[in-house]
1. Need pairs with beta-carbon distance below 7 Å; first residue modelled with pLDDT under 90 and β-branched (Val, Ile, Thr) and within segment 81-108, second open to solvent by 70 Å² or more (accessible area, probe 1.4 Å) and outside any strand (DSSP E or B); sequence gap 6+ or separate chains.
2. Taking strands (runs of 3 or more DSSP E) that fall entirely within segment 1-79, which contain at least 2 residues that are over 14 Å from the mean Cα position of the chain (by Cα) and among the acidic types (Asp, Glu)?
3. Do you know which residues across segment 54-78 are aliphatic (A, V, I, L, M) and touching a strand residue (DSSP E or B) at 6+ places or on another chain (Cβ under 6 Å)?
4. If I ask for residues that are in a strand (DSSP E or B) and open to solvent by less than 20 Å² (accessible area, probe 1.4 Å), which ones from segment 81-109 would you list?
5. Suppose the filter is over 30 Å from Ser6 (Cα atoms), open to solvent by 50 Å² or more (accessible area, probe 1.4 Å) and at pLDDT 90 or above; does Lys112 pass it?
6. Please go through segment 115-135 and give me each residue that is part of a loop (DSSP other than H, G, I, E, B), surrounded by 15 or more Cβ atoms within 10 Å (Cβ to Cβ) and either of a type in the set (D, E, K, R) or touching a residue at least 24 places away in the same chain (Cβ under 8 Å) (or both), ordered by number.
7. Hey, Ile160 hits all of (1) aliphatic (A, V, I, L, M); (2) open to solvent by less than 40 Å² (accessible area, probe 1.4 Å); (3) in contact with a strand residue (DSSP E or B) (Cβ under 6 Å, 6 or more places away or on another chain) but one; which does it fall short on?
Amino acid sequence: MASDSSFDVVSKVDKQEVSNALNQAQKEIAQRYDFKGVGAEIDFSGEKILMKANSEERVTAVLDVFQSKLVKRGISLKSLDAGEPFASGKEYRIEASVKEGIAQDQAKKITKLIRDEGPKGVKATIQGDELRVSSKSRDDLQDVITLLKGAELEVDLQFINYR
């Protein structure tokens, strides 16, 4: 058993599922009685998701509807980066974006966690916006996956290319 086993730690979001959640939220907002006459809407413009309504409470309710649709579609709320409500003319807005990839500071935090609390022979290297974790023992890699799933991190992690 001379070769190392490895897997990649990534943070990816299925864009089609986000689009489906957005469409479902738009339909629900158009039909719900409590959103009638308050100018509530949600749109996708480029990389940003823009929510609008005529009061701060209503725009926050629009965000709640969208978040519930994301959860139903299996997308972690850690992937959604929603700002605070702000006034824009006569309406309130919230801008949100979908985070993909592991930021450099988060990647360093994850590698430190693996180094400090993981099994001894495990190496974690940062490769762009993902991490490669390798070890001679596949059991150690399973332990690392368990460790990362239980850790309180600010990113949603997936584990791919396990070999």
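The values are calculated or read from the model by the stated rules, or taken from the named source; none is laboratory data. These numbers come from a predicted model, not from an experiment. Positions of Cβ are generated from backbone atoms using ideal geometry, with glycine treated the same way; all protein chains shown enter the neighbour counts. Side chains included, ligands, DNA and RNA excluded: accessible areas come from the protein's heavy atoms. Shrake-Rupley method; radii C 1.70, N 1.55, O 1.52, S 1.80 Å.
1. Pairs that qualify, where the first residue is modelled with pLDDT under 90 and β-branched (Val, Ile, Thr) and the partner is open to solvent by 70 Å² or more (accessible area, probe 1.4 Å) and outside any strand (DSSP E or B), are Ile102/Asp129.
2. On the way: elements: 5-10, 41-45, 48-53.
Hits in segment 1-79: 41-45.
3. Residues of segment 54-78 that are aliphatic (A, V, I, L, M), as a first pass: 59, 61-63, 65, 70-71, 75, 77.
Those that are aliphatic (A, V, I, L, M) and touching a strand residue (DSSP E or B) at 6+ places or on another chain (Cβ under 6 Å): Val59, Val62, Leu63.
4. So in segment 81-109, the residues in a strand (DSSP E or B) come out as 81-82, 86-88, 91-98.
Residues satisfying the conditions are Ile94, Ala96.
5. Details: over 30 Å from Ser6 (Cα atoms): no; open to solvent by 50 Å² or more (accessible area, probe 1.4 Å): yes; at pLDDT 90 or above: yes.
In short, no.
6. Initially, segment 115-135 is screened for residues part of a loop (DSSP other than H, G, I, E, B), giving 118-122, 128-129.
Now drop any that are not surrounded by 15 or more Cβ atoms within 10 Å (Cβ to Cβ), which leaves 118-119, 122, 129.
Within segment 115-135, Gly118, Pro119, Asp129 meet the criteria.
7. (2)
For every residue, the table says whether it meets (1) buried (at least 19 other Cβ atoms within 10 Å of the Cβ); (2) modelled with pLDDT of 90 or more; (3) closer than 30 Å to Ile114 by Cβ; (4) not charged (D, E, K, R).
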| site | (1), (2), (3), (4) |
| --- | --- |
| Asp4 | no, no, yes, no |
| Ser19 | no, yes, no, yes |
| Ala25 | yes, yes, no, yes |
| Ile29 | yes, yes, no, yes |
| Gly37 | no, no, no, yes |
| Glu41 | no, yes, no, no |
| Phe44 | no, no, no, yes |
